[in-house]
Amino acid sequence: MTPLLFQALRSDQAIAVRAGGPERLAAAMIAVRQPPAVRPARKAPSLAQTISGTTYVADDNPLGLRTLSLHFSNDHDRADVALAFLGRQWNVPLGLRGRPMISTSTPTGTPAAVSGRWVSDREFVLDLDTIAEVNHFVFRLTFDGDELRIIVDEVTGELKGLPIRARRTSKSDD
């Protein structure tokens with residue numbers, strides 16, 4: 001049966017090349033290799049400086065997220081995130097202007113694309129795409145005093161809407 005199926009899948013003749021087709025394909029290949037456009041960074045709320053350098057410790061959770069800390073720079077172009085999760089320590093830069101920063105300072109040395117954005121005065125979205133390790137996590141962080149509410153989605157479908165609570169424990173300049 002299999003040989004007959006393969007015969008049925010083979011064409012008797014090659015597909016004709018359309019005029020301009022190879023050029024359009026070449027142009028499309030160039031376009032998809034371009035990074036996303038840089039957007040103006042949304043002005044960070046005053047909360048950004050308040051929480052910058054603060055370590056939050058998470059309650060027990062299925063993801064194994066233990067700690068999270070964001071460090072915001074004054075230029076609003078980038079920040080750094082430190083995470084202890086998946087049994088590993090992550091210390092990676094993140095882009096704040098619509099374009100992720102590619103970093104190999106991951107626990108395994110494989111690249112990750114990391115970005116973030118403020119969606120309100122109290123809510124920050126952290127996007128961590130592990131690229132070669134397949135996982136793509138989106139952390140919705142809502143800050144409320146000493147508490148941090150986190151909702152985690154894994155874009156490939158492995159995890160949806162995982163709620164995690166965390167509490168402030170320290171600030172690096174305290």
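The values are calculated or read from the model by the stated rules, or taken from the named source; none is laboratory data. Source: prediction; values computed, not measured. Here the Cβ is made from the backbone with ideal geometry for all residues, glycine too, and neighbour counts use every protein chain on show.
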Residues that are under 22 Å from residue 46 (Cβ atoms): which strands (runs of 3 or more DSSP E) entirely in region 61-174 hold 2 or more of them?
-> 67-72, 78-85, 88-95, 112-118, 123-129, 136-144, 147-154, 159-171
Residues in region 68-82 that are buried (at least 18 other Cβ atoms within 10 Å of the Cβ) and either without any contact (Cβ under 8 Å) to a residue 40 or more places away in the chain or farther than 16 Å from residue 57 by Cα (or both): how many?
-> 4
Pairs under 8 Å by beta carbon, first residue within 16 Å of residue 64 (Cβ to Cβ) and assigned by TED's automatic domain parsing to the domain that holds residue 120 in region 135-151, partner at pLDDT below 95 and of a type in the set (Val, Ile, Thr), six or more apart or different chains?
-> 135/156; 137/130; 137/155
Screening 69, 120, 115, 105 for residues that are over 21 Å from residue 145 (Cα atoms), modelled with pLDDT of 90 or more and of a type in the set (S, T, N, Q) leaves only 115
Yes or no: residue 132 within 10 Å of the chain's Cα centre (by Cα) and over 23 Å from residue 170 (Cβ atoms)?
-> no
Could you please give the count of residues in region 21-56 that are over 14 Å from residue 71 (Cα atoms), modelled with pLDDT under 85 and of a type outside the set (Lys, Arg)?
-> 17
Can you tell me which residue within region 39-66, out of those that are buried (at least 16 other Cβ atoms within 10 Å of the Cβ) and under 17 Å from the mean Cα position of the chain (by Cα), is nearest to residue 107 (Cα to Cα)?
-> 65
Could you please let me know if residue 132 is of a type outside the set (S, T, N, Q), surrounded by fewer than 18 Cβ atoms within 10 Å (Cβ to Cβ) and in contact with a His (Cβ under 8 Å, 6 or more places away or on another chain)?
-> no
